[in-house]
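Inspection log for the structure reproduced underneath, given as structure tokens.
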Amino acid sequence: MAPGGRLIAPHEPYRSHADYLLPSRPLVLWHYTDMSDPRWVWGRRYLQLIQDSSRSSPQKLGWLNQRGWIAYARQGVLFVKRYDAMDGATYPDFDSNTETFTDPEMLEMETLGPLTRLAADGGAVEHVERWSLHRVDLGDFSEDAIERGLTSVGIR
């Protein structure tokens, strides 16, 4: 994605400790990932990664995204990728179906399909992403502003 925007990724719905004791998703870190880097914005509902061309250190994170969408916001335009998370499937990179990477030049939003054994005699696999563009004002990128903007274009 072009410089100067930010990734927006949904967290799993918040659940109380009293009701849910099991983990909801794995997070996968690369050796060079610095979770104290200010480009990471950890909210209750959304993870954000800001692409900042003035920062030279790359950052990368992978996770199992059961919500099935990620987005990139830049200059009033929201690019959304939708994809299916398959229950019970095993994904690459410690079970990540979603990965993001940024460096001074760009930000990457990658989706991964499940690991699949193909037949030697012409097997095939398909991984489908559904892309859309929306003009939407996400304001100050607070969680409430993001929520209003996403809701206005039918993303939940």
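Does T100 meet the test of being within 23 Å of R25 (Cβ to Cβ), in a strand (DSSP E or B), modelled with pLDDT of 95 or more and of a type in the set (S, T, N, Q)? Criteria met by T100.
Do you know which of the residues in the stretch 103-137 that are part of a loop (DSSP other than H, G, I, E, B) and among the small types (G, A, S) is nearest to W40 (Cα to Cα)? Give the steps one after another, and end with the answer.
First, pick out the residues of the stretch 103-137 that are part of a loop (DSSP other than H, G, I, E, B): 103-106, 112-129, 136-137.
Right, trim to among the small types (G, A, S) and you get 113, 119-120, 122-124.
Working: G113: 25, A119: 41, A120: 43, G122: 43, G123: 40, A124: 37 Å.
Per the stated criteria, the residue is G113.
Checking the structure you have, find out if any residue of the stretch 4-15 is β-branched (V, I, T), within 24 Å of I155 (Cα to Cα) and part of a strand (DSSP E or B). So far as the stretch 4-15 goes, yes, one or more of its residues are β-branched (V, I, T), within 24 Å of I155 (Cα to Cα) and part of a strand (DSSP E or B).
Results for (1) of a type in the set (V, I, T); (2) in a strand (DSSP E or B); (3) buried (at least 16 other Cβ atoms within 10 Å of the Cβ); (4) under 10 Å from the mean Cα position of the chain (by Cα), shown as yes or no for each residue.
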site: D52; (1), (2), (3), (4): no, no, yes, no
site: G62; (1), (2), (3), (4): no, yes, yes, yes
site: L78; (1), (2), (3), (4): no, yes, yes, no
site: K81; (1), (2), (3), (4): no, yes, yes, yes
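Listed by first and then second residue, the pairs linking a residue in the stretch 98-115 that is in contact (Cβ under 8 Å) with a residue 60 or more places away in the chain and under 13 Å from R55 (Cβ atoms) to a residue that is β-branched (V, I, T) and buried (at least 18 other Cβ atoms within 10 Å of the Cβ), with Cβ atoms under 7 Å apart and 6 or more places separating them unless they lie on different chains, are L107/T100. On the given criteria, is P23 assigned to a loop (DSSP other than H, G, I, E, B) and farther than 30 Å from G88 by Cβ? In short, no. Here are the criteria: (1) over 17 Å from E12 (Cα atoms); (2) of a type outside the set (S, T, Y); (3) assigned to a helix (DSSP H, G or I). Tell me which single one I146 does not satisfy. That leaves (1) as the condition not met. Conditions: (1) among the acidic types (D, E); (2) more than 22 Å from M1 (Cα to Cα); (3) modelled with pLDDT of 95 or more. E105 meets all but one. Number of the miss? Status for E105: all satisfied but (2).
The values are calculated or read from the model by the stated rules, or taken from the named source; none is laboratory data. All of these numbers come straight from a predicted model, not from anything done at the bench. Don't worry about glycine lacking a Cβ; one is built from the backbone with ideal geometry, like all the others, and counts go over all protein chains shown.
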